[in-house]
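The values are calculated or read from the model by the stated rules, or taken from the named source; none is laboratory data. These numbers come from a predicted model, not from an experiment. Virtual Cβ from ideal backbone geometry, glycine too; neighbours counted across all protein chains shown. Areas reflect the complete protein model, heavy atoms only, side chains present, ligands, DNA and RNA absent. Shrake-Rupley method; radii C 1.70, N 1.55, O 1.52, S 1.80 Å.
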Amino acid sequence: MTDIRQDFVSHRRTFLGMIGLGAAMPMLAACGSAPAQAKSFPITRSDAQWRKRLTREEYRILRKAGTERAFTSPLDKEKRKGTFVCAGCGNKLYSSATKYDSKTGWPSFWKALPGAVGTSTDYKIGYPRTEVHCADCGGHLGHIFGDGPKPTGKRHCINGVAMDFIPA
(Lines give C-alpha, C1' and ligand atoms only; values in the text may rest on other atoms or scores of the structure.)
Protein backbone atom coordinates (compact mmCIF):
# COMPACT_ATOMS: atom_id res chain seq x y z
CA MET A 1 0.00 0.00 0.00
CA THR A 2 2.88 2.36 0.76
CA ASP A 3 4.37 2.00 -2.75
CA ILE A 4 1.04 2.90 -4.37
CA ARG A 5 0.70 5.96 -2.15
CA GLN A 6 4.28 7.11 -2.94
CA ASP A 7 3.64 6.69 -6.69
CA PHE A 8 0.43 8.71 -6.39
CA VAL A 9 2.18 11.52 -4.46
CA SER A 10 5.08 11.53 -6.93
CA HIS A 11 2.77 11.66 -9.96
CA ARG A 12 0.62 14.32 -8.32
CA ARG A 13 3.66 16.52 -7.68
CA THR A 14 4.82 16.08 -11.26
CA PHE A 15 1.33 16.85 -12.54
CA LEU A 16 0.99 19.98 -10.37
CA GLY A 17 4.48 21.11 -11.36
CA MET A 18 3.58 20.79 -15.05
CA ILE A 19 0.38 22.80 -14.51
CA GLY A 20 2.37 25.51 -12.74
CA LEU A 21 4.97 25.61 -15.53
CA GLY A 22 2.23 25.77 -18.15
CA ALA A 23 0.58 28.68 -16.34
CA ALA A 24 3.90 30.55 -16.05
CA MET A 25 4.99 30.12 -19.69
CA PRO A 26 2.85 32.92 -21.19
CA MET A 27 4.21 35.36 -18.61
CA LEU A 28 7.79 34.22 -19.15
CA ALA A 29 7.42 34.38 -22.92
CA ALA A 30 6.04 37.91 -22.71
CA CYS A 31 8.85 39.08 -20.42
CA GLY A 32 10.78 41.76 -22.27
CA SER A 33 8.87 41.28 -25.50
CA ALA A 34 7.35 44.74 -25.63
CA PRO A 35 8.50 46.34 -28.86
CA ALA A 36 10.67 49.46 -28.69
CA GLN A 37 7.67 51.55 -29.83
CA ALA A 38 6.67 52.03 -26.18
CA LYS A 39 9.49 54.60 -25.90
CA SER A 40 9.35 58.11 -27.29
CA PHE A 41 10.71 58.56 -30.83
CA PRO A 42 10.81 61.57 -33.19
CA ILE A 43 8.39 59.87 -35.62
CA THR A 44 5.17 58.64 -34.03
CA ARG A 45 1.97 57.34 -35.55
CA SER A 46 -1.10 55.66 -34.20
CA ASP A 47 -1.45 51.92 -34.60
CA ALA A 48 -4.09 52.52 -37.28
CA GLN A 49 -1.74 54.84 -39.18
CA TRP A 50 1.08 52.26 -39.06
CA ARG A 51 -1.29 49.54 -40.29
CA LYS A 52 -2.36 51.73 -43.20
CA ARG A 53 1.20 52.75 -44.10
CA LEU A 54 2.90 49.34 -43.88
CA THR A 55 2.28 45.98 -45.52
CA ARG A 56 1.01 43.24 -43.22
CA GLU A 57 4.49 41.70 -42.99
CA GLU A 58 6.22 45.06 -42.43
CA TYR A 59 3.76 45.81 -39.65
CA ARG A 60 4.36 42.41 -38.02
CA ILE A 61 8.13 42.88 -38.08
CA LEU A 62 8.50 46.62 -37.41
CA ARG A 63 5.65 47.27 -34.99
CA LYS A 64 5.19 43.86 -33.31
CA ALA A 65 8.86 42.79 -33.16
CA GLY A 66 8.36 39.79 -35.41
CA THR A 67 11.00 37.88 -37.37
CA GLU A 68 10.88 36.96 -41.02
CA ARG A 69 11.81 33.45 -42.13
CA ALA A 70 15.51 33.04 -42.88
CA PHE A 71 16.59 33.15 -46.54
CA THR A 72 13.34 34.81 -47.70
CA SER A 73 14.50 38.42 -48.11
CA PRO A 74 15.94 39.57 -51.43
CA LEU A 75 17.98 42.10 -49.43
CA ASP A 76 20.04 39.23 -48.03
CA LYS A 77 21.63 38.85 -51.49
CA GLU A 78 21.75 42.60 -52.30
CA LYS A 79 25.32 43.47 -53.35
CA ARG A 80 25.00 46.89 -55.00
CA LYS A 81 26.39 50.06 -53.47
CA GLY A 82 23.77 52.06 -51.65
CA THR A 83 21.93 52.63 -48.40
CA PHE A 84 19.49 50.48 -46.46
CA VAL A 85 16.68 52.56 -44.96
CA CYS A 86 13.86 51.87 -42.50
CA ALA A 87 10.77 50.61 -44.35
CA GLY A 88 8.62 52.42 -41.79
CA CYS A 89 10.03 55.94 -41.93
CA GLY A 90 12.89 56.11 -44.45
CA ASN A 91 15.61 56.69 -41.85
CA LYS A 92 19.05 55.80 -43.28
CA LEU A 93 20.22 52.77 -41.28
CA TYR A 94 23.12 50.92 -42.91
CA SER A 95 25.64 51.52 -45.67
CA SER A 96 26.22 48.72 -48.16
CA ALA A 97 29.92 49.12 -47.29
CA THR A 98 29.25 47.45 -43.90
CA LYS A 99 27.09 44.62 -45.24
CA TYR A 100 28.48 41.09 -45.36
CA ASP A 101 27.22 37.55 -45.92
CA SER A 102 26.85 35.99 -42.48
CA LYS A 103 25.29 32.87 -44.02
CA THR A 104 22.43 33.15 -41.51
CA GLY A 105 19.72 33.99 -44.05
CA TRP A 106 19.22 37.60 -42.96
CA PRO A 107 20.93 40.78 -44.16
CA SER A 108 23.87 41.35 -41.83
CA PHE A 109 26.00 44.40 -41.14
CA TRP A 110 28.97 45.03 -38.88
CA LYS A 111 28.04 48.64 -38.13
CA ALA A 112 25.04 50.99 -38.42
CA LEU A 113 25.23 54.54 -39.68
CA PRO A 114 25.92 57.06 -36.88
CA GLY A 115 22.79 57.74 -34.77
CA ALA A 116 20.61 55.54 -37.00
CA VAL A 117 19.67 52.79 -34.56
CA GLY A 118 19.01 52.27 -30.89
CA THR A 119 19.17 49.15 -28.77
CA SER A 120 17.35 47.56 -25.88
CA THR A 121 17.50 44.23 -24.07
CA ASP A 122 15.05 41.60 -25.26
CA TYR A 123 14.20 38.50 -23.17
CA LYS A 124 11.59 37.15 -25.58
CA ILE A 125 13.19 33.71 -25.93
CA GLY A 126 14.22 33.36 -22.30
CA TYR A 127 17.70 34.89 -22.30
CA PRO A 128 18.93 38.43 -22.94
CA ARG A 129 19.62 39.56 -26.50
CA THR A 130 20.36 43.01 -27.87
CA GLU A 131 17.38 44.19 -29.90
CA VAL A 132 18.08 46.85 -32.52
CA HIS A 133 15.43 49.38 -33.56
CA CYS A 134 15.17 52.44 -35.79
CA ALA A 135 16.23 55.54 -33.86
CA ASP A 136 13.57 57.66 -35.63
CA CYS A 137 10.39 55.56 -35.45
CA GLY A 138 11.30 52.78 -33.00
CA GLY A 139 10.57 50.05 -35.54
CA HIS A 140 12.03 46.65 -34.64
CA LEU A 141 14.84 45.77 -37.05
CA GLY A 142 16.43 42.64 -35.57
CA HIS A 143 19.20 41.82 -33.11
CA ILE A 144 22.91 42.44 -32.61
CA PHE A 145 25.22 39.53 -31.81
CA GLY A 146 28.89 39.43 -30.87
CA ASP A 147 29.99 37.03 -33.62
CA GLY A 148 30.55 39.48 -36.47
CA PRO A 149 33.67 40.38 -38.44
CA LYS A 150 36.34 42.94 -37.65
CA PRO A 151 36.59 45.80 -36.98
CA THR A 152 33.56 45.75 -34.62
CA GLY A 153 33.03 42.03 -34.03
CA LYS A 154 29.28 42.74 -34.16
CA ARG A 155 26.64 41.16 -36.39
CA HIS A 156 23.58 43.31 -36.89
CA CYS A 157 21.16 40.58 -37.99
CA ILE A 158 18.36 42.57 -39.62
CA ASN A 159 14.98 41.56 -41.03
CA GLY A 160 15.00 42.44 -44.73
CA VAL A 161 11.28 43.27 -44.54
CA ALA A 162 12.15 46.06 -42.08
CA MET A 163 14.25 47.85 -44.71
CA ASP A 164 14.20 49.23 -48.21
CA PHE A 165 17.32 49.58 -50.37
CA ILE A 166 18.29 52.78 -52.17
CA PRO A 167 21.01 52.20 -54.77
CA ALA A 168 23.85 54.74 -54.97
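The set of residues in segment 100-117 being within 18 Å of Asp147 (Cα to Cα) and either in a helix (DSSP H, G or I) or open to solvent by 40 Å² or more (accessible area, probe 1.4 Å) (or both) consists of Tyr100, Asp101, Lys103, Trp106, Trp110, Lys111.
Taken as a whole, the condition of being assigned to a loop (DSSP other than H, G, I, E, B), open to solvent by 70 Å² or more (accessible area, probe 1.4 Å) and not aromatic (Phe, Trp, Tyr) does not apply to Lys52.
Would you mind finding the one in Lys64, Lys79 that is in a loop (DSSP other than H, G, I, E, B), open to solvent by 70 Å² or more (accessible area, probe 1.4 Å) and more than 25 Å from Pro149 (Cα to Cα)?
It is Lys64.
In segment 133-153, the qualifying residues are those that are farther than 21 Å from Glu78 by Cβ and out of contact with any Gly (no Cβ under 9 Å at 6 or more places or on another chain), and the one that is least open to solvent (accessible area, probe 1.4 Å) is Pro151. State all residues of segment 118-127 that are on the phi < 0 side of the Ramachandran plot and either in a loop (DSSP other than H, G, I, E, B) or open to solvent by 10 Å² or more (accessible area, probe 1.4 Å) (or both); if no residue qualifies, say none. If the condition is that a residue be on the phi < 0 side of the Ramachandran plot and either in a loop (DSSP other than H, G, I, E, B) or open to solvent by 10 Å² or more (accessible area, probe 1.4 Å) (or both), then Gly118, Thr119, Ser120, Thr121, Tyr123, Lys124, Ile125, Tyr127 are the ones that fit.
Thr130 satisfies every condition listed in (1) touching a His at 6+ places or on another chain (Cβ under 8 Å); (2) buried (at least 17 other Cβ atoms within 10 Å of the Cβ) except (2). On the given criteria, is Gly153 among the small types (Gly, Ala, Ser), closer than 17 Å to Ile43 by Cβ and in a loop (DSSP other than H, G, I, E, B)? For Gly153, the condition - among the small types (Gly, Ala, Ser), closer than 17 Å to Ile43 by Cβ and in a loop (DSSP other than H, G, I, E, B) - is not met.
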